[in-house]
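The values are calculated or read from the model by the stated rules, or taken from the named source; none is laboratory data. None of these values were measured; they are calculated from a predicted model. Using ideal geometry, Cβ is built from the backbone for each residue, glycine included, and neighbour counts are taken over all protein chains shown.
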Amino acid sequence: MAADVVMPQMGESIFEGTITKWLKKPGDKVERDEPLFEISTDKVDAEIPSPSAGVLKEIKVKEGQTVPINTVVATIDGASGVAATPAPAATPAPAAKPEPPKQAALTPTPSPAARPGPVAVPTPQAAPAVAVAPAREGARIHSSPLVRRMAKEHGIDLTSLAGTGAGGRISKQDIEAVIAGGGAAPSTGGQRGDLAAPPTGTAATYSEPASVPTPPSRPATVAPPPVAPAPLAGGGGPAAHGTQYVPALQLAVPRERLYFGNYEVQPLSVMRTKIAEHMVASVHVSPHVYSVDEIDMTKVAALRAKSKAEFEERYETKLTFMPFFVKAAVNGLRAFPTLNASLDGTNVVLHKEINVGIAVALDWGLIVPVVKNADEKNILGIQRTLNDLAERARSKKLRPEEVQEGTFSITNPGVFGGLFGLPVISQPNVGIIGLGAIEKRPVVINDSIAIRSMCYVTLSYDHRVVDGAIAHQFLHKVKDTLENWSEPLV
Amino acid sequence: MPMKTNGAAKANGSQAVAQVTFLEAIRQAMYEEMERDPAVVLIGEDIGVYGGAFKTSEGLLERFGWERVIDTPISESAIVGAACGMSYLGLRPIAEMQFIDFIVCAFNQITNFVAKGHYLWNAPAPIVIRGPSGGGVHGGPFHSANPEMYFVHTPGLKVIYPSTPYDAKGLLKAAVRDNNPVLFFEHKFLYRRVKEELPVDDYTVPIGKAVVRREGKHLTIISYAAMMHTSLEAAAELEKEGIDAEVIDLRTLLPLDEETILASLRKTNKCLVVHEDTKTGGIAGEIAAILCERAFGDLDGPLMRVTALDTPVPYAPSLEEYFLPNKEKVLHAARTLAKY
């Protein structure tokens, strides 16, 4: 019997999702709970496991397409175990909070049994590479610098290859066989923007992009190039719920002025598109004002230095400065609740929870997981939560609700060496703190010059809700908490 | 162990003569250079009347006299210091370390004076310091050293470690004629074990040039000195298994012939370094760094090393055998790398 695979609902307020990548091809065998495809919603990116075992019969929704939840995206033939998995497959239970798919998606299931195993180990000559795609996002692709370079030069998607080297590694022979057998055949196509560079050049040196939209020829016949294949083709409109529609991707100048000299065109990832929309909307909606204060972190730094080893040994989690800032922000928000709010028309929504979103930089973008009820946690609790969220953000294992319901945010440009930063508010918050680098500076204390660990802290706030007086008092509270730190750590 | 080498004897079209040992090749080089240039002198322990501990200078005292074949007290520091001073006055001394282990007694002279003189006070020291090195002959911890890397780390020196009689002779002659201080290591295991025909005519082998001893396409084995022969034997064995190994003989360690190494790696994409020197700080680590810096995108596997263990050379024959690299160890690494 065949079973339907549906677009899961990845959170309460989410009504659609974009398929970013199929991890299986029609005809491939899939195990139950084996990763089947990847989706991107306006909250998170996630890997969706197969609801049942069988053979993938048909893919109905292509990569890049956005469809409403519970849309059938594929069918699996000879499905066994469907009954055992009442979860997302057969029952397109509309809207009513079907948690199961999410559960299935996120329970870490990389049981060794699910590994592609010794099934397909073709002999090098016979059936090189091409075959099966055991590609599991998160699972590393084992190749080599040479193989990665050759893949890039020939526009080959390594995730679609199964290697014949030690431990399934993709070897030089494997990729040579693919190249000999017709170029980028098994690649997932240009969708992801793999550039087919000429075999010898590197991205930095070649002059003509081989694929991707053809820009106007030099003396400009003003035939604007076809619009880059927007990954969220879902209609071009308000893709993200909760974000008011703002034409985020509009051009400020005629398009032909973008293309000159040598260049390379890469489609924006779904995540980047969402970030772009969110940032434009935030700046558009909220009049941003910025305040800066300078905080003497010497005491906290000393305390952290003294307790770090014991803390990390006892609790087995690393100790950073971030929980101190979260705690200080909590103190500030308690004292000035208008910063822990959202604006709905002419109503200010004052949140009773203090949920602090922390910006986590990813190699492929940025995400803001939330430390819920931060006011109820001590340093250890905050630190544990932070480390857990950050780690799962990097491994794409965040649950949608973990990036929702933030009431205030903190971002840390200082970690990259920034003196200070002026962040854009993460909506629907009304404030965000930006942390500068902590560094030793000479400061005047009682008319003498001392060396102290100093840190610039900025607050971006929505002037519709918050005025400078409150903002500065809030910052002062944060400063006061940190400079007169009294809570022990261990 | 029968060893035959096939140096580039025919390369220069010279007429070839009888089989010559590695030891004899060294002796010939010194003899011919002393004949050619009266500035060339020998200095060392027991090199005159006794003819050298390994008889490398046998007959030279008789031919060139005590002023050019100088026996010294047992002080390597004095030998190198004297050679350095003589070179400042226009001579081109060849200083012998009776066993290369004791070159470290002259470490200060070599690294602080000989190597730096040209840079610091425009006083190049055209001297050659040579001596028997290496293990595999049950010499124990004081007579088996491979100290090349102390000196490869010293700018201002050249370091040579040949593997064949042809190269030994040609490189030693090139060393004598070079205006830089050259350290010349002679693997004593090879002294009487390798033989080849040498050209009658005068010839030199260029310093700083590696040579491809065997062409291959699946992986590159880089080696030098005694281990070069071990590597070639392993390559012959690998061929039977369908693994086609390229073997490079470095010959000169400083300056290192990066281009030959890189050209080979770009062909085979995998690299195994075999040396008798201990592992940590050996030339294999340096080669790994060069490959990462200059050919990262050509690597299809990790650089692998087969080296001696990180201990002094043991006395007990069974332990020495365990300590040294051998054909089996090379084969194991090469098979692993080929499969990688």
Of the residues in the range B:54-83, how many are crowded, with 19+ Cβ neighbours inside 10 Å and not basic (Lys, Arg)?
-> 12
Any residue in the range B:246-256 that is within 14 Å of chain A (Cβ to nearest Cβ) and of a type outside the set (Phe, Trp, Tyr)?
-> no
By residue number, the members of the range B:264-306 that are of a type in the set (D, E, K, R), in a helix (DSSP H, G or I) and away from every other protein chain (no Cβ under 14 Å) are B:Glu286
Quickly run through the range B:307-340 and pick out the residues that are surrounded by fewer than 20 Cβ atoms within 10 Å (Cβ to Cβ) and in a loop (DSSP other than H, G, I, E, B).
-> B:Leu309, B:Asp310, B:Thr311, B:Pro312, B:Pro314, B:Tyr315, B:Ala316, B:Asn326, B:Tyr340
B:Asn180 vs. criteria touching a residue at least 24 places away in the same chain (Cβ under 8 Å), assigned to a loop (DSSP other than H, G, I, E, B), touching a strand residue (DSSP E or B) at 6+ places or on another chain (Cβ under 6 Å) and surrounded by fewer than 22 Cβ atoms within 10 Å (Cβ to Cβ) = yes
Residues located in the range B:79-138, provided they are closer than 20 Å to B:Lys188 by Cα, among the aliphatic types (A, V, I, L, M) and not in a helix (DSSP H, G or I) | B:Ile94, B:Ala95, B:Met97, B:Val128, B:Ile129, B:Val137
Any hit, the range B:234-252, residues being farther than 30 Å from A:Leu146 by Cβ and either surrounded by 24 or more Cβ atoms within 10 Å (Cβ to Cβ) or not small (Gly, Ala, Ser) (or both) = no
Give just the number: which of (1) in a loop (DSSP other than H, G, I, E, B); (2) in contact with a strand residue (DSSP E or B) (Cβ under 7 Å, 6 or more places away or on another chain); (3) surrounded by 21 or more Cβ atoms within 10 Å (Cβ to Cβ) does B:Val159 not satisfy?
-> (1)
Restricting attention to the range B:271-281, does a residue exist that is outside the structural domain of B:Pro155 (by TED's automatic domain parsing), within 19 Å of B:Leu219 (Cβ to Cβ), among the polar types (S, T, N, Q) and within 20 Å of the chain's Cα centre (by Cα)?
-> no
Out of all the residues in the range A:456-490, which are surrounded by 14 or more Cβ atoms within 10 Å (Cβ to Cβ) and hydroxyl-bearing (Ser, Thr, Tyr)?
-> A:Tyr456, A:Thr458, A:Ser460, A:Tyr461, A:Thr481
Candidates B:Leu253, B:Leu238, B:Leu190 - the one that is in a loop (DSSP other than H, G, I, E, B) and aliphatic (A, V, I, L, M) = B:Leu190
Provide a single number: the residues in the range A:140-166 that are within 9 Å of chain B (Cβ to nearest Cβ), at pLDDT below 85 and surrounded by fewer than 19 Cβ atoms within 10 Å (Cβ to Cβ).
-> 1
Could you list, in sequence order, the residues of the range A:33-53 that are crowded, with 21+ Cβ neighbours inside 10 Å and free of Cβ contacts under 8 Å to residues at least 60 places away in the same chain?
-> A:Leu36, A:Phe37, A:Ile39, A:Ile48, A:Ser50, A:Pro51, A:Ser52
A:Glu401: passes all of (1) surrounded by 14 or more Cβ atoms within 10 Å (Cβ to Cβ); (2) within 22 Å of A:Leu362 (Cα to Cα); (3) touching a strand residue (DSSP E or B) at 6+ places or on another chain (Cβ under 7 Å) but (3)
Name every residue in the range A:54-70 that is part of a strand (DSSP E or B), of a type in the set (A, V, I, L, M, F, W, C) and buried (at least 20 other Cβ atoms within 10 Å of the Cβ), in order of residue number.
-> A:Leu56
Every residue from the range A:346-391 that is assigned to a helix (DSSP H, G or I) and in contact (Cβ under 8 Å) with a residue 12 or more places away in the chain = A:Ala374, A:Asp375, A:Ile379, A:Leu380, A:Ile382, A:Gln383, A:Arg384, A:Thr385, A:Leu386, A:Asn387, A:Leu389, A:Ala390
Would you mind finding the one in B:Lys195, B:Lys217, B:Lys169 that is touching a helix residue (DSSP H, G or I) at 6+ places or on another chain (Cβ under 8 Å) and in a strand (DSSP E or B)?
-> B:Lys195
Selection over the range A:278-314 where residues are surrounded by fewer than 16 Cβ atoms within 10 Å (Cβ to Cβ), among the β-branched types (Val, Ile, Thr) and part of a helix (DSSP H, G or I) yields a count of 1
Of all residues in the range A:23-52, which are touching an Asp or Glu at 6+ places or on another chain (Cβ under 6 Å) and of a type in the set (Lys, Arg)?
-> none
Test result for A:Ala83, among the small types (Gly, Ala, Ser), closer than 27 Å to A:Arg392 by Cβ and either surrounded by fewer than 19 Cβ atoms within 10 Å (Cβ to Cβ) or at pLDDT below 85 (or both) | no
Please state which one of A:Arg464, A:Arg452 is farther than 27 Å from A:Ser286 by Cβ and basic (Lys, Arg).
-> A:Arg452
Subset of the range A:399-420 (residues that are under 16 Å from the mean Cα position of the chain (by Cα) and assigned to a helix (DSSP H, G or I)) = A:Pro400, A:Glu401, A:Glu402, A:Val403
